[in-house]
Amino acid sequence: MTGRGLFRRSVLAFGLAFLYAPLVLVVIYSFTASKLATVWAGFSTRWYGELIADEALLEAAWLSLRLAFISATLALALGTLAGFALARFPRFSGRTLFAGMVFAPLAMPEIVMAISLLLLFVNMGEILGWPSQRGFLTLVIAHTTFTLSYVAVIVAGRLAESDRSIEEAALDLGASPLKTFFVITLPVIAPALAAGWLLAFSLSLDDVVTSQFISAPGATPLPVVVLGSVKLGVSPKINAIGAISVVLVLLATSAAYVVQSRRGRRLRQRSGL
C-alpha cells in the first residue's frame with residue numbers, strides 16, 4: 001500500500017469514526033445499569049423497560065411520527081408543484097418573488113422562522129378567531145412550511161436534468177399534459193420524490209426550534225420533551241430512545257438498499273446484461 005493510499009484510508013476511517021462513534025456510544029450506554037447516562041455500571045435493560053412504561057415519552061414519540069408523516073406528505077405535494085413550476089415555467093409574472101418565497105426558509109435562520117410563525121398564529125387567532133390555540137394542526141402547518149422548500153429544490157433539480165424531448169414526444173402523439181405528467185414525468189422524478197419525502201420526514205421528526213415555539217400542552221413533539229428532560233439531567237432513557245432511533249434508521253436504510261438492489265438486478269436482466 002502506497003503512502004497516499006494509507007493516508008486516504010486513514011482519513012476515511014477517522015471521518016467514519018467521528019460520525020458514528022457517538023452513535024455507538026449512545027447504543028452501548030443505553031444498556032448501562034447506572035442512573036447516570038455517561039457511567040457504565042454493568043449491563044442492564046432496565047431503561048428500555050422504564051421507557052416503555054413512560055407514557056409521556058411514548059405519547060410524544062407517537063405524536064412526532066404522525067406529525068412528521070403528515071407534514072412530509074403535504075410538503076411533498078406542495079413542494080412538487082413548486083419545483084415543477086420553477087423548472088418548467090422559466091418565465092411568468094412574479095416568478096422572482098415566488099422563487100424567493102419558496103427558497104427563503106433554506107437561508108433564513110430557523111429561530112426567525114419559528115418566531116414569525118408564532119406571531120402569525122397569534123395574530124390570526126386575535127383577528128380571525130383561528131387558531132384559538134396552538135396544537136397539532138399549527139405544528140403541521142409550521143413543519144410543512146419549512147420542509148416544502150427542500151422538496152422543491154430536489155424536484156426542481158431533478159426536472160432540470162431530465163430529458164424534455166420524451167415529454168414533448170408524448171404531447172405530439174396526442175397525450176394530454178396531465179397524462180404526460182403521470183405517465184412520463186412522474187416516473188422520472190420518482191427517486192427525487194422519495195428523497196424529498198424522506199428528507200422532509202427526518203427534518204420534521206428531529207426539529208426542536210420551531211416545535212418549541214409552536215407546540216402547546218398536549219401537543220408536544222418528542223424532541224421538545226427530550227430537551228426539557230435533559231435540562232433536569234440526562235437519563236439513560238434518552239440513550240434508549242437514541243438507540244431505538246439508530247436501529248430504526250438502519251432497518252429503513254437496509255430495506256431501501258435491498259429494494260434498490262433488486263430493482264437494479266431486474267433492470268439488468270430485462271436489458272440482457
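The values are calculated or read from the model by the stated rules, or taken from the named source; none is laboratory data. Quantities reported herein were computed from a predicted structural model and do not represent experimental measurements. Glycine gets a Cβ as well: all are built from the backbone with ideal geometry, and neighbour counts include every protein chain shown.
A compact table of results
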{"item": "Which numbered condition ALA72 fails, given (1) assigned to a helix (DSSP H, G or I); (2) in contact (Cβ under 8 Å) with a residue 12 or more places away in the chain; (3) among the hydrophobic types (A, V, I, L, M, F, W, C); (4) under 19 Å from GLY233 (Cα atoms)", "result": "(4)"}
{"item": "Segment 111-133, subset touching a Ser or Thr at 6+ places or on another chain (Cβ under 7 Å) and either modelled with pLDDT under 90 or among the small types (Gly, Ala, Ser) (or both), residue surrounded by the most Cβ atoms within 10 Å (Cβ to Cβ)", "result": "ALA114"}
{"item": "One residue from VAL112, VAL26, VAL39, VAL102 being under 28 Å from LYS231 (Cβ atoms) and in contact (Cβ under 8 Å) with a residue 12 or more places away in the chain", "result": "VAL26"}
{"item": "Sole residue being surrounded by 13 or more Cβ atoms within 10 Å (Cβ to Cβ) and farther than 23 Å from PHE146 by Cα, chosen from ALA37, ALA85", "result": "ALA37"}
{"item": "Flag if LEU51 is part of a helix (DSSP H, G or I), modelled with pLDDT of 90 or more and surrounded by 14 or more Cβ atoms within 10 Å (Cβ to Cβ)", "result": "no"}
{"item": "Test set (1) within 17 Å of ALA192 (Cα to Cα); (2) in contact with a strand residue (DSSP E or B) (Cβ under 8 Å, 6 or more places away or on another chain) - LEU63 fails condition number", "result": "(1)"}
{"item": "Any hit, segment 57-79, residues being among the basic types (Lys, Arg) and at pLDDT below 90", "result": "no"}
{"item": "Cβ pairs under 8 Å, 6+ apart, first in segment 244-271 and under 18 Å from LEU199 (Cα atoms) and surrounded by 11 or more Cβ atoms within 10 Å (Cβ to Cβ), second at pLDDT 75 or above and not β-branched (Val, Ile, Thr)", "result": "VAL246/LEU23"}
{"item": "Identity of the residue in segment 185-221, under 22 Å from GLN260 (Cβ atoms) and β-branched (Val, Ile, Thr), that ends up surrounded by the most Cβ atoms within 10 Å (Cβ to Cβ)", "result": "ILE189"}
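Each row is one residue, and each column tells you yes or no for (1) farther than 16 Å from GLN212 by Cα; (2) among the hydroxyl-bearing types (Ser, Thr, Tyr); (3) exposed (fewer than 14 other Cβ atoms within 10 Å of the Cβ).
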site	(1), (2), (3)
LEU57	no, no, no
PHE69	yes, no, no
GLY94	yes, no, yes
PRO109	no, no, yes
SER149	yes, yes, no
